[in-house]
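Where a number appears in this text, it was derived from the coordinates with a stated rule and is not lab data. Owing to the predicted nature of the structure, the values given are computational and were not obtained by experimental measurement. Glycine also receives a Cβ, built like all others from the backbone with ideal geometry; neighbour counts cover every protein chain displayed.
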Ligand SMILES: Nc1ncnc2c1ncn2[C@@H]1O[C@H](COP(=O)(O)OP(=O)(O)O)[C@@H](O)[C@H]1O
Ligand SMILES: [Mg+2]
């Protein structure tokens, strides 16, 4: 632990959004009124498809976009009308947005210079951050002479050197190649454990969300679909949208109807017993499906379409009652070499969603 | 193709030689004429070979004509034109690119329209405005009936008058109203990382600091390129200085050169001296290009590094 770690940990503030709204005009409401609370020191990932308003939300917190309505509280202070520099937020951008004509040192020291921090202290603080991010050898280089990963580290350094109350990331890893993205993810995770800054990380990549987040906030067209820990979101998705967004391959969703005693697929096959009537959407994760080659119990019959062998496991795609169902199975190629499969969908692993709203319904059925 | 490479080469070289003669021929004639005496030219016509009167002709430009003072005028006009265009273009492009302005597209289109309506087309109206820069205001007051109202109250309508003809300001101002620079800077700004402005705001730098700390240093080469281009165009302007300045002491060197040809018929102009003058007048732009040519290329490539 050195001084800058503790300083940032001490500065970490909680964030409260109260009825925060963003509308460009009456038709284009990007964020309908939103209420959410982020705890101090927490790493929140905002996850959603592109265009759902993630950047807008982040920039409203940062002060780069005005809120149309509502309040933003940082550490108990109302900030929605303050200039960005007075909100105690720092931001890391997707395309780094480093100043091309300044050296790494000048890039990191710029905010301190603007704030009127004395030269000696500037140098000391930049040096401490550079050491933490393994950038000490590059301080005199220009951004153009650095690799993508190094540039991203400089951008992170530029953000944390001010010891902000809140760290904001807008898809910072999406410009990096797969290997580097993985390394940076690990680095970010370690950094967060060290400095404990309140962090909001925007991404459309569910792997980043699952690996980095204390809690994930899933956004759909500006609305919160679910806000919970990665584990809870994985095991208890609150809606079809969430279920389809998390997991690779994502959860299978099949339309079913209940007649009061059993749930049937569109082609009449029985998948489970349940005292339910009406239309539902049934969800099951690819890895929860048990594959057999003989009919038994409530096993449903599916026709294999194709198979992808990934070494550790295979992903099968099969036709089931008019939809395509994906199955992740540890069994190798030899075992499943026939078109007809019998799939067992364990009742405890089934998720049931309302057919119209897509929200999760009565878990009571799964307990049976 | 390949087997004919030799003959092709010869043809290509021939075309090149013809092109060079086309360009260098007049240049050679300028220099050779400038080095002959007036009497030589009267006797022999075109000077096909150089003589020994070059320095004498140069000296007579300085002693017998107003070219030196007119070159000072050219210097003032070209330099002010370049400096004012750079500042104005930089600021207008900054506003258009970095601020959410209503009608920004329309404003930019209007600025671009000045490229399609050069001064040579607008020379008569420009002259009218320059002869009284308040004439548009007067016209508006008349047209809206405001002047009638004012006359009713104060007894006399507003008729302001201020002529900028035959002043340095009057020579420069119409040249500055040109959109090329704005276009150049706008294109350059659009090549910069798009979140730069936001990053600077997060770092606590407002629009002014961003302008001076970030944008200005990044735009150095664009500035140099635009400066050279507008300086050259200001130096070589002919039509506007011709009508905008009426006394020899206000005219620019290019106009002064043309005036060295006597108006009356029958007298053969002193071409050796005029050509010596042309050489002298060309030295400044040539030096400019030689010095700043590197930036000119870099700036027009329009990208960082
Ligand atoms: N200036 C604007 N005027 C109107 N709509 C805008 C403006 N800026 C962004 N939007 C809209 O806001 C929505 C959310 O954008 P954004 O927050 O960038 O999405 P994300 O970061 O999740 O991809 C988009 O649908 C976009 O079209
Ligand atoms: Mg975005």
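Results, tabulated for the structure shown:
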{"quantity": "Cα-based helix-to-principal-axis angle, B:220-236 vs chain B, degrees rounded to 10", "calculated": "60 degrees"}
{"quantity": "C-alpha center-to-center spacing [region B:134-165, region A:105-184] in angstrom", "calculated": "61 Å"}
{"quantity": "Peptide-level mean, for A:97-108, of C-beta atoms on other protein chains within 10 Å", "calculated": "4"}
{"quantity": "Length gained when the stretch residue B:95-residue B:158 is fully extended (0.36 nm per residue, less Cα-Cα span)", "calculated": "19.2 nm"}
{"quantity": "Average other protein chain Cβ within 10 Å of Cβ, residues A:124-132", "calculated": "0"}
{"quantity": "Chain A: most fluctuating residue of A:322, A:144, A:311 per GNM, C-alpha cutoff 10 Å", "calculated": "A:311"}
{"quantity": "Angle between chain A longest axis and helix A:119-132 axis [Cα atoms, degrees, rounded to 10]", "calculated": "30 degrees"}
{"quantity": "Part-to-part distance (alpha-carbon centres) for region B:84-100 and region A:2-60, which is given in Å", "calculated": "33 Å"}
{"quantity": "Cut-off 20 Å (backbone N to label point 7 Å along Cα→Cβ of residue B:169), residues of region B:130-150", "calculated": "B:130-139"}
{"quantity": "Förster radius 41 Å - calculated FRET efficiency between residue B:220 and residue A:223 (Cβ-Cβ, nearest 0.05)", "calculated": "0.30"}
{"quantity": "Residues residue B:283 and residue B:112, FRET efficiency given R0 of 35 Å [Cβ-Cβ distance, rounded to 0.05]", "calculated": "0.55"}
{"quantity": "Distance between region A:346-362 and region B:45-59 - C-alpha centres, whole angstrom", "calculated": "100 Å"}
{"quantity": "Max mean-square fluctuation residue, GNM over chain A, Cα-Cα springs under 10 Å, options A:93, A:306, A:43", "calculated": "A:306"}
{"quantity": "Taking the C-alpha atoms of region A:3-235, convex hull volume expressed per residue in Å³", "calculated": "121 Å³"}
{"quantity": "Rough spin-label spacing in nm, given labels placed 7 Å along Cα→Cβ, for residue A:301 and residue B:62", "calculated": "10.9 nm"}
{"quantity": "Residue with peak Gaussian network fluctuation, chain B [Cα springs, cutoff 10 Å], from B:108, B:99, B:227", "calculated": "B:99"}
{"quantity": "Separation in nanometres of the label points that stand 7 Å from Cα toward Cβ, at residue A:294 and residue A:308", "calculated": "3.2 nm"}
{"quantity": "Per-pair calculated FRET efficiency, R0 = 25 Å: residue B:75 and residue B:38 via Cβ, rounded to 0.05", "calculated": "0.30"}
{"quantity": "For a label point 7 Å along the Cα-to-beta-carbon line of residue A:7, residues of region A:30-44 with backbone N under 20 Å", "calculated": "A:41"}
{"quantity": "Chain B: calculated mean residue ellipticity at 222 nm from DSSP helix runs of at least 4, using -39500 (n - 2.57)", "calculated": "-22000 deg cm²/dmol"}
{"quantity": "Extent along principal axes [Cα atoms of the protein assembly as shown; Å; largest to smallest]", "calculated": "121, 90, 59"}
{"quantity": "Alpha-carbon Rg with Dmax, taken over region B:65-301, Å", "calculated": "22.0, 75"}
{"quantity": "Per-residue mean of C-beta atoms belonging to partner chains within 10 Å, peptide B:188-201", "calculated": "5"}
{"quantity": "Calculated [θ] (222 nm, deg cm²/dmol) that DSSP helices of n ≥ 4 give over chain A, each run adding -39,500 (n - 2.57)", "calculated": "-7500 deg cm²/dmol"}
{"quantity": "Semi-axis lengths (Å, descending) of the ellipsoid that matches the C-alpha gyration tensor of region A:108-219", "calculated": "25, 17, 11"}
{"quantity": "Degrees, to the nearest 10: A:104-114 long Cα axis against longest axis of chain A", "calculated": "70 degrees"}
{"quantity": "Label-to-label distance, nm, for residues given as residue B:150 and residue A:124 (7 Å Cα→Cβ offset)", "calculated": "6.5 nm"}
{"quantity": "Chain B, relative contact order in percent, only Cα pairs under 8 angstrom and at least six apart counted", "calculated": "30 percent"}
{"quantity": "Contour minus Cα-Cα distance for residue A:174 and residue A:137 (0.36 nm per residue)", "calculated": "10.8 nm"}
{"quantity": "Cα gyration tensor category, rounded, prolate or oblate, for region A:250-354 with a/c compared to 1.5", "calculated": "prolate"}
